[in-house]
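What follows is a short report on a single structure.
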Amino acid sequence: MTMERTLYSVSDLISKARAMLELSFKDIWLEGEVSNVHYHSSGHLYFTLKDNLSELKGVMFKSSNSYLRFQIENGMRLACFGSLSVYEQRGQVQFVTKKIEISGVGTLHQAFEALKNKLEKDGLFDHKHKLELKRIPRKVGILTSGEGAAIEDVLHVISRRSPFLEIVFRPSKVQGEGAADDLSNGLIELSSVRGIDTIIICRGGGSIEDLWAFNEEKLAQTIFNCKVPIISAVGHETDYTISDFVADLRAATPTEAAEIICLSLEQIFSSFENYETAFINKVESLSLLNKNKIENLFNRLMRLEPSNRIKTKKIVLENFNNFLNNYIEKAIDRKKIKFESMSNQLISISPDNVLSRGFSIAIDKNSNKIIRSANDLSIDDSFILKTSGGSLEAKKIKQIN
């Protein structure tokens, strides 16, 4: 008995295989790590999905790729929606992709967009609700983790640019369970501190999961209801959170947030000089106006009779003129004294005056950075000791706790 032999051509076999695969594996989700990412000039996206045992070529045609809202990069773990097929010219199995999500993060992105749209419709992002920051704050609240680099960056900038600022630091969880509640409570506590001018809420960069506490509706509502201006500085420059949209001002990084609130001494003195100039100009303008009024009134009186009435009015006007001039001069003197007092206060807390009072600054000889702790040096390490009368080189002999 001879078996009937069916003879396929290569193209026929591949075509039939394609039909079977597309019928059996249509509109499915496929998860894997992406590699060999290639954005073709035609607009198509080519890549490879793999796991520990196998890999599969993938393609996302231009018609679907145009709706992709993020850049695919090698090493990402993706969830792809599409159908299994065969590229007939090469006989190559491939996954034709219609939709791509970052695996495990797609749901968070969807939740982020949904809450963002809701709060925007509710008016929480409207510019009319934004509070204006005080140009020269005196007391600033900082809400962040006590262990991350963010608090160090903020304090470093403030100590360098505005050492006279009073800082109220409230440590808080910035990620994980309960972080949004802790941040909300921290904002309420800081806003109730007497004299707080501005609050900075910040943390360093991280994944969307790490930053998720700043995307919680509870924290957004707390920021919106806060009566103290808030600067949100969460993550890196490319990171955006719900807190950034609700806050009165967004800073790209914690360092930038500190720079926003810190006017240098030169900027402060410049502001005072501008105020003084504007005040003097205003006083001079008022003085000239009143002088013209007095002269006009005097001329009118001169045309009246009898002459004794003119003399009486003239005396009254001269007395008024003297009073006005004395008042203006005393007002100018008071403002000058106040300005000089404020200038002396600022100068008294400048770094040079601090050194002149007997303090010194230890500076690392190699890095030229300020030594903040005895633990930063080893025994026999040399360093520079800066004083008001000059600098000297010193060496750590032993550490005294």
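In table form, for the structure just shown:
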read-out	value
Computed FRET value (nearest 0.05) for Leu317 with Phe279, which takes r as the C-beta separation and R₀ as 35 Å	0.85
Most positive-pole-ward Cα, Asn319, Val246, Gly358, against dipole of the chain from beta carbon charges	Asn319
Contour minus Cα-Cα distance for Asn292 and Arg138 (0.36 nm per residue)	51.2 nm
Helix 149-161 vs. the chain, principal-axis angle (Cα, 0 to 90°, nearest 10)	30 degrees
Highest average packing first - 138-151, 382-395, Cβ atoms within 10 Å	138-151, 382-395
Subset of Lys116/Lys227; Lys173/Lys398; Lys121/Lys227; Lys314/Lys336 violating a 28 Å alpha-carbon distance limit	Lys173/Lys398; Lys314/Lys336
Fraction of antiparallel bridges per DSSP, the chain only, in percent to nearest 5	65 percent
Folded to 0 to 90 degrees: helix 307-348 orientation relative to the chain principal axis, Cα	40 degrees
Debye intensity ratio I(q)/I(0), log10, the chain, q values 0.09, 0.11, 0.13 Å⁻¹ (C-alpha model)	-0.84, -1.01, -1.14
Hydrodynamic radius by Kirkwood, which averages 1/r over all alpha carbon pairs of region 57-180, in angstrom	19.9 Å
Relative contact order of the chain, defined on C-alpha pairs under 8 angstrom at six or more residues apart (%)	9 percent
Under 5 Å, built H, 5+ apart or other chain: amide partners of Gln94	Ser85, Val86, Tyr87
If the convex hull is drawn through the Cα atoms of region 354-395, its volume per residue in Å³	70 Å³
Shape parameters for region 133-261, alpha-carbon atoms, Rg then Dmax in Å	13.0, 37
Segment Lys336-Lys396, extension gain: residue separation times 0.36 nm, minus the distance between their alpha carbons	16.7 nm
Net charge over other residues, Cβ less than 14 angstrom from the Cβ of Asp381 (K, R count +1; D, E count -1)	+1
Ordering of 153-165, 351-363 by packing [mean C-beta count within 10 Å, highest first]	153-165, 351-363
Helix-only CD estimate at 222 nm, as mean residue ellipticity for the chain, using -39500 (n - 2.57) per DSSP H run (n ≥ 4)	-14000 deg cm²/dmol
Ordering of 23-32, 228-237, 183-192 by packing [mean C-beta count within 10 Å, highest first]	228-237, 183-192, 23-32
Dipole moment magnitude, nearest 20 debye, the chain about Cα centre, only Lys, Arg, Asp, Glu C-beta charged	2180 debye
Label-to-label distance, nm, for residues given as Ile379 and Ile167 (7 Å Cα→Cβ offset)	3.3 nm
Between 0 and 90°, nearest 10: helix 179-191 axis offset from the chain longest Cα axis	10 degrees
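Every number here is computed from the coordinates shown, using simple stated rules; none is lab data. Just so it is clear, the model here is predicted, and its values are computed rather than measured. Neighbour counts are summed over all protein chains in view; Cβ atoms, including those assigned to glycine, are modelled from backbone coordinates with ideal geometry.
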